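What follows is a set of notes on a single structure, which appears directly below.
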Number of protein chains: 2
Amino acid sequence: MPATIVDIKEKTGLSLATISKYLNGGNVLPENKVKIEAAIKELHYEVNELARGLVTNKTNTVGILVFSIESPFTGMILHHVGEALRKKGYGMLIVDSCDDEQIEARNVKYLISKKVDGIIVLPVASRGDFLSPAQNAKIPIVLLDRSLSDIQYDCVRIDNRKSTYNAMKELINRNHKKIAVIASEREYTGRERFNGFMEAMRDAGLEVPADYQIRGTHSIATGYNGMKKLMALKDRPTGVFMSNYEITLGAMLSMNEAGFRCPDDISLLGFDDQLFFHLLQPQVYMVEQPMKALGERAVELLIGRMNGIIDEDPIEIALGTRLQEGNSIKTL
Amino acid sequence: MPATIVDIKEKTGLSLATISKYLNGGNVLPENKVKIEAAIKELHYEVNELARGLVTNKTNTVGILVFSIESPFTGMILHHVGEALRKKGYGMLIVDSCDDEQIEARNVKYLISKKVDGIIVLPVASRGDFLSPAQNAKIPIVLLDRSLSDIQYDCVRIDNRKSTYNAMKELINRNHKKIAVIASEREYTGRERFNGFMEAMRDAGLEVPADYQIRGTHSIATGYNGMKKLMALKDRPTGVFMSNYEITLGAMLSMNEAGFRCPDDISLLGFDDQLFFHLLQPQVYMVEQPMKALGERAVELLIGRMNGIIDEDPIEIALGTRLQEGNSIKTL
DNA sequence: TAAAATGAACGAAACGCTTCGAACTGGTGA
DNA sequence: TCACCAGTTCGAAGCGTTTCGTTCATTTTA
């Protein structure tokens, strides 16, 4: 039903080859150019990218595999990734893993069958097996935000451990001794931030009793329940580090509900700045990621691989972070 | 390089037709089934959806055109839309218009050339011209969240006017007389909510002076600057209605900064509930949209059109909303 | 036991495009 | 005037699938 190049051929009397040449920016006689353009307009012709992709073996599309499209973090990063890709002439095929490894594995095969030219992954799983179909298909892959524990792929992320380590000084230098942590343990970032926390504590000569170490998932529930447990302790911590946006949100909800005040009752240090945190009183100290740079670097790296310009072993890029200061930490 | 159905043919000695039949769930002798499955595993075969789409003229992909992928509202709605589509066996091709009508128009053509089976649109533009290429190509279209001013398409949204009208009673019944509004005027939702606001005021016999009517864009800046202007007025309003998430955020930031308290100095009524608003003290009265239902109904409608099951004139579905109560409104 | 009916497998054409090498142009220089 | 050349145009093959109409093998029925 929709117009094809053959319709253009019949309308103009030119050959398929000439029309194709025009469509791809080749040189065509001015008079023919006019004819073709008129026919395109008249017939509402749009190139069929399926057919084009079939012969060129390129789709100009990058697959984006996100752990959850619902998270505000994802939204921001997608915005920057999308913009960077658009500037380079690529579209993106986003697939949502809904925080589910099964779905994630299926999604990889989906992207392969859609013949994407490359894949950017914000993974759910922490092991890389699920990516091997793409690797077999020789599709370039770049991890974003989260690294994997077994196989090394190109990866663009922040230095989670160091960022946490440095941010912890805000609590430590204000004489907090009893500091708890609520961290996700299912993904890379949560584990790294947890490790950064523990290192900071160790180097400061501070103990972290087992009930100060709350591990859970990347979720509001983990923050909510974790903080609840901490508040119920006989020997309560004076400060708490929370490893991501959702956990920070949940923990604060739970404090609000219980009538605990920050920083009077408990001092807080969180991760992943989002504008609305600025609304809160007190304003929370947050580690802020360079979203735009993350997206751009990932795209740059991926395109380098796709064009074969970059051809070395896997590269791991760890960007620095900024600490958004607040007044959520009391000096003891 | 990647394996094709021809490789399978050679490995198994069967014909293309038989293998294709297997791939599409047709009946094949058990022994052949085993052979095919073994070959698929061994060769890491994945169907080439480009080729398949070219002949079937179906891609099992729905294009999603969003005004901005950065907004948390978008993230939530995409999650539900995606889930509903996945259950029906469809993938989604998301394109971000970055709040820019030019990009939006280009994106429509992009989706057409990608041969999506249908399109769900959260539009930037308020006129529908940009969709005509898709209409010419006979691709079913469903609008989501926002309607258009000129052409009527299928649309799933909330009843913006009525929701606002009803929510306004919270302010009016608490004896507020001087109520201001900060609303976006560029998109449908903002205009409708503005109208709902004005109707509620008129029916209550209340005046709305010009400097109480702040119109702007769907942005934090509009909320921020709007509230600033209101706070600077000699005759300040006692209550303010804000037409969406971003504006509410911006307005509150600006109040916080200026040291204005809610509800003591100004009472607030907002739109688009997001979990983090529950963290704020006081908790803001917010009109909450049924995100899941919106996504599901849109998908349902679109699939109905794609299958030709629904075949009537454009349908406009307006869902109801819920008011999230808070303590941001003072009784005068 | 032969004919009819069932179920699977097959060959070839088609989907809409790109691309390669060959065939045309008209203008130039010998 | 003719051979040559650069610049366009053209025809045909091929990308990886599905599908239609046909053939083939097996089972059922009379």
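Residues that are more than 14 Å from A:GLU288 (Cα to Cα) and open to solvent by 40 Å² or more (accessible area, probe 1.4 Å) within the range A:319-332 comprise A:ASN327, A:LYS330, A:THR331, A:LEU332, listed in sequence order. Listed here are the strands (runs of 3 or more DSSP E) enclosed by the range A:162-277 that have at least 1 residues being more than 30 Å from B:ILE220 (Cα to Cα) and open to solvent by less than 30 Å² (accessible area, probe 1.4 Å): A:179-184, A:213-216, A:239-242. Within the range A:46-69, the set of residues being buried (at least 20 other Cβ atoms within 10 Å of the Cβ) and away from DNA strand D (no atom under 16 Å from the Cβ) comprises A:GLU46, A:THR61, A:VAL62, A:GLY63, A:ILE64, A:LEU65, A:VAL66, A:PHE67, A:ILE69. Exactly one residue out of A:ILE40, A:ILE94, A:ILE64, A:ILE69 is more than 20 Å from A:ALA134 (Cβ to Cβ) and either more than 10 Å from every other protein chain (Cβ to nearest Cβ) or β-branched (Val, Ile, Thr) (or both): that is A:ILE40. Would you confirm whether any residue within the range A:20-34 is assigned to a loop (DSSP other than H, G, I, E, B) and modelled with pLDDT of 90 or more? Yes: one or more hits. With respect to the stated conditions, A:LYS41 fails to be open to solvent by 20 Å² or more (accessible area, probe 1.4 Å) and either in the same structural domain as A:ARG146 (by TED's automatic domain parsing) or within 16 Å of DNA strand D (Cβ to nearest atom) (or both). Considering the range B:137-161 alone, what residues qualify as being in contact with a helix residue (DSSP H, G or I) (Cβ under 9 Å, 6 or more places away or on another chain) and either within 14 Å of chain A (Cβ to nearest Cβ) or open to solvent by 20 Å² or more (accessible area, probe 1.4 Å) (or both)? B:ALA137, B:ILE139, B:PRO140, B:SER149, B:ASP150, B:ILE151, B:ARG157, B:ASP159, B:ARG161, listed by residue number.
Out of curiosity, is A:THR74 within 10 Å of chain B (Cβ to nearest Cβ), closer than 25 Å to B:GLY89 by Cβ, in contact (Cβ under 8 Å) with a residue 40 or more places away in the chain and more than 15 Å from DNA strand C (Cβ to nearest atom)? Considered against the rule, which asks whether it is within 10 Å of chain B (Cβ to nearest Cβ), closer than 25 Å to B:GLY89 by Cβ, in contact (Cβ under 8 Å) with a residue 40 or more places away in the chain and more than 15 Å from DNA strand C (Cβ to nearest atom), A:THR74 comes out as yes.
Count of the range B:87-102 residues, restricted to those that are part of a helix (DSSP H, G or I) and in contact with a strand residue (DSSP E or B) (Cβ under 8 Å, 6 or more places away or on another chain), is 0. When restricted to residues that are open to solvent by 40 Å² or more (accessible area, probe 1.4 Å) and either more than 16 Å from DNA strand D (Cβ to nearest atom) or among the β-branched types (Val, Ile, Thr) (or both), the range B:70-90 contains 6.
Residues that are open to solvent by 70 Å² or more (accessible area, probe 1.4 Å) and within 8 Å of DNA strand C (Cβ to nearest atom) were ranked within the range A:18-37; the one that is nearest to the other protein chains (Cβ to nearest Cβ) is A:ASN24.
Residues in the range A:1-17 that are assigned to a loop (DSSP other than H, G, I, E, B) and away from chain B (no Cβ under 14 Å) were compared, and the one that is farthest from DNA strand D (Cβ to nearest atom) is A:GLY13. Listed by first and then second residue, the pairs with beta-carbon distance under 7 Å, at least 6 apart or on different chains, first residue in the range A:27-50 and closer than 13 Å to A:PRO2 by Cβ, second open to solvent by 40 Å² or more (accessible area, probe 1.4 Å) and among the aliphatic types (A, V, I, L, M), are A:VAL47/A:LEU23; A:LEU50/B:LEU54.
What do you reckon, is B:LYS109 open to solvent by 30 Å² or more (accessible area, probe 1.4 Å), touching a residue at least 40 places away in the same chain (Cβ under 8 Å) and out of contact with any Ser or Thr (no Cβ under 9 Å at 6 or more places or on another chain)? When the stated conditions are applied, B:LYS109 does not pass them.
Residues that are away from DNA strand C (no atom under 16 Å from the Cβ) and within 30 Å of B:PHE277 (Cβ to Cβ): does the range B:40-57 have at least one? Looking through the range B:40-57, none of the residues is away from DNA strand C (no atom under 16 Å from the Cβ) and within 30 Å of B:PHE277 (Cβ to Cβ). Working carefully through the options B:GLN289, B:GLN324, B:GLN281, find the one that is within 11 Å of chain A (Cβ to nearest Cβ) and under 19 Å from B:GLU170 (Cα atoms). Selected residue: B:GLN281, the only one of B:GLN289, B:GLN324, B:GLN281 that is within 11 Å of chain A (Cβ to nearest Cβ) and under 19 Å from B:GLU170 (Cα atoms).
The values are calculated or read from the model by the stated rules, or taken from the named source; none is laboratory data. Note that the coordinates shown come from a computational prediction; the quantities given were computed from them, not determined experimentally. Virtual Cβ from ideal backbone geometry, glycine too; neighbours counted across all protein chains shown. Surface areas here come from the heavy atoms of the whole protein model, side chains and all, with no ligands, DNA or RNA. Shrake-Rupley method; radii C 1.70, N 1.55, O 1.52, S 1.80 Å.
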